[in-house]
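So the structure is just underneath, and the comments pick up after that.
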Amino acid sequence: MIKPTKKPCNECPMRRVSAPGWLGAAEPEEIIDAMGGHGFGTPCNAMPCHLTVDYDDPNWREQLEGSKVRQCSGQAIYLANICKMPRPGETAVVGTENHKLVFGNRAEFLARHNRGSKR
């Protein structure tokens, strides 16, 4: 997986200005739980950017081995915001907190995406 950029894509659900509830087929709790950060000292898995993986493909996991798959920058910044690091061997976080651009905690993400949820 390619390292993330310093800024998430415009459609990233981790951005504070993201479209409320626009999470594809996933529930807000599923997305934020997959992002990681479950308790002090718990390492997190790097997630791919949704623009570099076709999640509609039933074999989407096979795409993760590709050289064009980029780590989600929103997740990387979110992890920095909540003081978490990825698992050893995973792509490194961006390293810069940005509470203005990306949610600073789980509750903020859920408040944004549950309020406007299309479900």
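Each row is one residue, and each column tells you yes or no for (1) more than 17 Å from N105 (Cα to Cα); (2) at pLDDT below 85; (3) among the polar types (S, T, N, Q).
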residue: V17; (1), (2), (3): no, no, no
residue: G24; (1), (2), (3): yes, yes, no
residue: E30; (1), (2), (3): no, no, no
residue: G39; (1), (2), (3): no, yes, no
residue: C44; (1), (2), (3): no, yes, no
residue: E65; (1), (2), (3): yes, yes, no
residue: S73; (1), (2), (3): no, no, yes
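Just to be sure I understand, how many residues within the stretch 88-119 are modelled with pLDDT of 65 or more and outside any helix (DSSP H, G or I)?
So the answer is 10.
The values are calculated or read from the model by the stated rules, or taken from the named source; none is laboratory data. Note that the structure is predicted; figures quoted are calculated from it, not measured.
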